[in-house]
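Structure, as structure tokens:
Here, each number is a calculation from the coordinates, and none is a lab measurement. Nothing here was measured: the structure is a model prediction, and the numbers come from that model. Here the Cβ positions follow ideal geometry from the backbone for every residue, glycine too, while neighbour counts run over all protein chains shown.
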Amino acid sequence: MGSQWGQDKTYFRAKHEGYRSRAAYKLMEIQTKFGIIRRDDNIVDLGAAPGSWLQIERTLTDARIIGIDLNPIAELEGIETIEGNINDPEVVALVKSQLDVVSIVLCDAAPKLSGHRCYDQARIMDLNQQELRFACKVLKPGGNFVVKSFQGTDFPEFYAECKKNFYAVKTCMTKSTRKGSTELYIVAKNFIGPVVP
Ligand SMILES: C[S@@+](CC[C@H](N)C(=O)[O-])C[C@H]1O[C@@H](n2cnc3c(N)ncnc32)[C@H](O)[C@@H]1O
């Protein structure tokens, strides 16, 4: 069975099961493997549109969930949303004002790709750095962080930076990722805490 057929199956499965995108299965797999979310965890989801991860998160926690995206996120019951850039300090401030405790930061964000490999890789790494900074600003010590990244020359440096901030860091390639993609997730557990200058 070819990979194209496999992709179609995941796409149609997501439609059939009422998920907003096939990405839903990636978070399910990460949760099954790593148990990152518990029932009382407040979650902040970066790059959350159209919202399939938010749908899964709603089934995993009874606490609050905030989804953030450059694009509007169509209403989902029990989910708060912010339309904005994760790099905007006002967005960080808004999250802090809305949640006393953030236990989990999840990021499936991806920049628009140009097709120029070096340029795209640099933009992905830049976004990853912004996501890590965001997580370190809002997470409680002991909190968990999951971030989508891509294998490339700068990846080891970013991975090492995650290891400086979390006690347990692993990578995960999900089954629903398109064949041939260099996409992978970093699963970083147990935030060490903000570095005191
Ligand atoms: C692959 S989609 C996320 C899919 C989502 N996890 C789901 O399950 O529906 C990537 C999203 O990242 C968002 N994004 C990219 N850069 C961003 C940024 N700087 N700030 C906020 N959102 C961003 C895009 O607008 C896009 O909606």
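A compact table of results
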{"quantity": "Calculated [θ] (222 nm, deg cm²/dmol) that DSSP helices of n ≥ 4 give over the chain, each run adding -39,500 (n - 2.57)", "calculated": "-12500 deg cm²/dmol"}
{"quantity": "Sites excluded, GluC sites (Glu not before Pro) in DSSP loops with at most 12 other C-beta within 10 Å, longest stretch of the chain", "calculated": "78-197"}
{"quantity": "For region 80-127 versus region 4-55, the gap between their alpha-carbon centres in whole angstrom", "calculated": "18 Å"}
{"quantity": "Cα gyration tensor, region 107-186 - rounded (a/c under 1.5), prolate or oblate", "calculated": "prolate"}
{"quantity": "Residue among T61, T81, T182 with the largest mean-square fluctuation in a Gaussian network model of the chain, springs linking Cα atoms under 10 Å", "calculated": "T182"}
{"quantity": "Partners for K9 among lysines (Cα-Cα distance below 20 Å; same-chain residues under 8 apart left out)", "calculated": "K26, K175, K179"}
{"quantity": "When the convex hull of its Cα atoms is projected in every direction, mean area for region 3-191 (nm²)", "calculated": "10.2 nm²"}
{"quantity": "Segments 43-55, 108-120 sorted - mean Cβ within 10 Å per residue, highest first", "calculated": "43-55, 108-120"}
{"quantity": "Trypsin sites (Lys or Arg not before Pro) within region 121-197: DSSP coil, no more than 11 neighbouring Cβ in 10 Å", "calculated": "K175, K179"}
{"quantity": "Anchor K140: lysines whose Cα lies under 22 Å away (excluding residues fewer than 8 positions away in-chain)", "calculated": "K96, K148, K163, K164, K170, K189"}
{"quantity": "Global form of region 11-105, assessed from the alpha-carbon gyration tensor, a/c cut-off 1.5", "calculated": "oblate"}
